[in-house]
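Trainee: Encoded as structure tokens, here's the structure I'll be asking about.
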């Protein structure tokens with residue numbers, strides 16, 4: 001069974017800090033690895049997608065890395081802001097684009 | 001483009017009732033999938049489809065049926081609702097770029113279902 005684990009489950013940081021969210025997965029035969037953001041009571045918004053052949057992707061203050069050999073991905077958020085407060089989910093995609101999700105990291109950025 | 005739409009937004013059912021959750025996308029995406037999200041369990045895959053006429057089971061398919069008669073629509077049917085099916089249901093779609101490559105997943109706003 002494919003599993004995705006996210007650490008930590010919750011994180012609280014002061015505004016301006018740089019932070020790293022961790023994701024690990026058990027099956028290295030992934031199609032891609034995706035990071036999503038979910039606000040309370042809302043749907044999911046795609047943040048970054050890393051192809052299986054890539055090592056990292058960047059979008060603004062976000063940088064995601066992928067190490068298939070170790071089954072790990074990290075999401076780096078630079079200069080965090082209160083508006084970054086949300087739950088961050090990582091998910092591995094299979095060949096039919098079906099996703100296996102981690103349980104998420106709930107991030108709170110304090111003003 | 002309206003993106004991925006889901007109806008209804010909220011639904012309350014009694015145990016044993018049946019209903020269909022609707023999902024539609026207007027982006028000509030070939031891949032569509034259904035997930036349920038429960039506290040402490042995260043999002044889990046129910047069923048998915050790689051194109052019209054082709055569906056497959058995910059991690060938690062029991063009690064649910066799907067069909068994909070068109071590219072645009074991917075309805076999820078609850079055959080006989082049970083309290084264990086109380087959840088938030090999300091539909092998602094994605095496409096394959098020419099020549100292959102990674103695909104961004106687009107999620108609908110979700111349907112909140114309560115089974116009494």
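Trainee: At q = 0.12, 0.16, 0.20 Å⁻¹, what log₁₀ I(q)/I(0) does chain A have when each alpha carbon counts as one equal point scatterer in the Debye sum?
Mentor: Log10 of I(q)/I(0), two decimals: -0.37, -0.66, -1.01.
Trainee: I'd like the mean, over residues of B:39-50, of how many other protein chain beta carbons sit within 10 Å of each residue's own Cβ.
Mentor: Rounded to a whole number, the mean comes out at 4.
Trainee: Just tell me how shielded A:36-45 is by partners: mean number of partner chain Cβ atoms within 10 Å of each residue's Cβ, no decimals.
Mentor: Mean shielding count: 4.
Trainee: Under the 0.36 nm per residue contour assumption, what length would be gained going from the current alpha-carbon distance of residue B:80 and residue B:65 to full extension?
Mentor: 4.3 nm
Trainee: Suppose each label sits 7 Å from its Cα in the direction of the beta carbon; what would the residue B:41-residue A:17 distance come out to in nanometres?
Mentor: Calculated label separation equals 3.3 nm.
Trainee: Taking each residue of A:25-32 in turn, how many C-beta atoms of other protein chains fall within 10 Å of its C-beta, and what is the average?
Mentor: Mean number of neighbouring Cβ atoms from other chains: 1.
Trainee: Still on this structure, please answer the following. I need to check one value: relative contact order of chain A, counting alpha carbon pairs closer than 8 Å and at least 6 residues apart, in percent.
Mentor: Answer for chain A is 38 percent.
Trainee: For the pair residue A:78 and residue B:54, what calculated FRET efficiency results from E = 1/(1 + (r/R0)^6), where r is the Cβ-Cβ distance and R0 = 41 Å, to the nearest 0.05?
Mentor: Rounded to the nearest 0.05, the efficiency is 0.45.
Trainee: Only Cα pairs under 8 Å and at least 6 apart count here; give the relative contact order of chain B as a rounded whole percent.
Mentor: 35
Read-outs throughout are calculated quantities, based only on the coordinates presented, and are distinct from any laboratory measurement. No experiment lies behind these values; they were computed from the predicted model shown. Every residue, glycine among them, receives a Cβ derived from its backbone with ideal geometry; neighbour counts consider all protein chains shown.
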